[in-house]
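The values are calculated or read from the model by the stated rules, or taken from the named source; none is laboratory data. The structure displayed is predicted, hence computed values, not measured ones. Neighbour counts run over all protein chains shown; Cβ positions are idealised from the backbone, glycine included. Keep in mind that these areas ignore ligands, DNA and RNA; they rest on the heavy atoms of the full protein, side chains included. Shrake-Rupley method; radii C 1.70, N 1.55, O 1.52, S 1.80 Å.
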Amino acid sequence: MDTFTQISRPLYRLFISTGDNCTMRCDLHVHSIASGMFTVPGLNRICRESYNDPAEVYDRLKRMSMSIVTITDHDSIDGAEALRRHPDFFLSEEVTVRMPSGTEMHMGVYGITERDHAEIQRRSNDFIALLMYLTERKLFFSANHVFSGLTGRRKEEDFHWFESYVPAFETRNGQMWPAANDSAARLGARLGKIGIAGSDSHTIAGVGHTLTEVPGARTADEFFAGLRAGCGGVHGVHGSCGKLTADVFSIVRSLFRDKPWTLALSPLAVLVPAFTVGHWMDEIRFCRKWSSAVERGGKRKRMLWDMDSNFEANWAS
């Protein structure tokens, strides 16, 4: 039944009764200490992106009424080791992918195995190779924070790739400007993409406040089958500059506890609001630029077909 419910809306609705089962909730974008080091120059050697303990993340998510739990660390599954014993936990990651244009994007990949992780990382510098692997494995994946500049520059052709080959868009991210989430939701709706949501929280305080719901599902497999069948919904809070500032202060406090010698840098903490305001303004500019450009564009044909006329036939075989 799992195979059928993954590919057919009528069969999903036939086999999965929304009346007999509760709505399943999951925060599909959560970070732990395994997400690696901060990417800002000067801090990339001393400060982590997140100091969340995986076990604490799990407990927090359950207190926030999540039915199933995952962690989506950057290019890592190390944080999952302590959570494998929980039957409601499933393995995922947020992959840093190099696009054909040379830019980078963050892709959420869900319900993976250790072998999948190794193969995904091996292909992370080649979007097309990674796309083919994910499709062959029938893994669920999404383009995260579509209208954010977190991964650097963007090119118009990147959005064409998202349009043709990425099945899901993160249409509500708990750290993003509300207009950026709204732009992702509008683009996703126009292109027929599956919408998902997650807190993208790097601190415990934000975990579980933004989430994806699927009615009637009983397992993680059925949860993703429901998303594929168009039965999911996004809920929860958006981001704000104040929230971002509070999160950065929380990470700085964790840094001081982790490396007491960095207390000598504490006077620099007064610069945190200036840093977060500057970042927030850059995010607004990025979103306005690309949402305007994309919304003016029309639907384009699939790009891989342009590169090799035999590709579709080869893939089908």
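Overview of values
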| read-out | value |
| --- | --- |
| Members of K155/K259; K193/K243; K243/K289 lying beyond 31 Å, as alpha-carbon distances in this model show | K155/K259 |
| The range 153-280 shape via C-alpha gyration tensor axes, a/c threshold 1.5 | prolate |
| Debye intensity ratio in log₁₀ form over the Cα atoms of the chain, taken at each q of 0.08, 0.11, 0.12 Å⁻¹ | -0.36, -0.69, -0.82 |
| Gyration tensor (alpha-carbon) shape descriptor, the range 96-233, a/c threshold 1.5 | rounded |
| Sorted peptide list for 37-45, 189-197, 122-130, 224-232, criterion being average Cβ within 10 angstrom, highest first | 224-232, 189-197, 122-130, 37-45 |
| The range 229-285: C-alpha gyration tensor shape, a/c 1.5 cut-off, then a/b vs b/c | oblate |
| P(r) of the range 75-121 over all Cα-Cα pairs, binned every 5 Å from zero, in whole percent | 5, 20, 28, 21, 13, 7, 3, 2, 0 |
| Accessible-area order (highest first, 1.4 angstrom probe) of the listed residues W161, W261, W177 | W261, W177, W161 |
| Kirkwood Rh, angstrom, the range 33-124 [1 / mean 1/r, Cα pairs] | 14.2 |
